[in-house]
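What follows is one structure encoded as structure tokens, with my remarks underneath.
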Amino acid sequence: MDRKVAAYTSLELLMVLGMIAILGFLFVREVRNYISNERLRQALNQFLSDLEYVKNRAEISAIPWGIRGCRGTNRYKIFMDEDGNCRDKDITCDNANGTTVCVNIFNKTCGSINDCNNVPNSCLPLEVIKTLPEGVVFNNTFYVVFDRKGWAFNYSCGNGENNATLLSSVTGKTYKIILDRLGRIRVE
């Protein structure tokens, strides 16, 4: 009886293991990049939604509303510019004062809509801190205040363009959000 046993040499086994390791590395890298790009798209959609919200809030309430993105962080602040000077109370994105005011009754603090003549959605916080998904940061400082016409103003109440760049810290991919002086928003 003549039996042949198939045997593999250690070199052949090492080559197969090496190929599996390389393919595994490539797979893990692609999955990591995919997840990072999805987080960046999610951050873009979240920030654009909040930018539109702030613009609409200013148009509806006739009180200036602003948004500030802090460079090198994943935080941004939405604020009501109750005194109309185009500035928020605290220039950082680290804390919000927690005060709520009636939008329909200027400068009146509130705890519920009962304090605001029972008008729905009129008791709002002066400042809210928002966070982008993990791994996404602002590549530059972004600051804009919208007036009741939806026009964009900067920190010194000057009318002009403003840009925000969202950066994936993993892949280096960016989205540039461009806001013109009339409040129109586009993404590059």
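Over the residues of region 24-73, compute the C-alpha Rg and express it relative to 2.2 N^0.38 Å.
1.74
Enumerate the residues in region 12-52 having an amide nitrogen under 20 Å from the point lying 7 Å beyond the Cα of ASN140 toward its Cβ.
Taking a point 7 Å out along Cα→Cβ of ASN140, the residues of region 12-52 whose backbone N falls under 20 Å are 40-41, 43-52.
Rounded to two decimal places and with Rh computed the Kirkwood way over Cα pairs, what is Rg over Rh for region 1-89?
On the way: Rg = 28.5 Å, Rh = 18.4 Å.
Looking at region 1-89, the ratio lands at 1.55.
Determine the gain in length on full extension of the stretch ASN154-VAL187; use 0.36 nm per residue of separation and subtract their C-alpha separation, reporting nm with one decimal.
10.0 nm
Just rank CYS86, CYS157, CYS116, fewest to most, by other beta-carbon atoms within 10 angstrom.
Values: CYS86 18, CYS157 14, CYS116 21.
With the fewest neighbours first, CYS86, CYS157, CYS116 line up as CYS157, CYS86, CYS116.
Take the Cα atoms of region 100-188, find their three principal axes, and give me the spread along each one in whole Å, biggest first.
49, 31, 20
Principal axis extents for region 48-167, Cα atoms only, whole Å, descending order, please.
43, 30, 23
Cα axis of helix 10-61 to longest principal axis of the chain: angle in degrees, 0 to 90, nearest 10?
Helix 10-61 sits at roughly 10 degrees to that axis.
Restricting to Cα pairs below 8 Å that are 6+ residues apart, what does the relative contact order work out to for region 132-188? Please round to a whole percent.
Relative contact order, region 132-188: 31 percent.
Each value in this text was obtained by applying a stated rule to the coordinates, not by laboratory testing. Small disclaimer: the values here were computed from a predicted structure and weren't measured. Glycine gets a Cβ as well: all are built from the backbone with ideal geometry, and neighbour counts include every protein chain shown.
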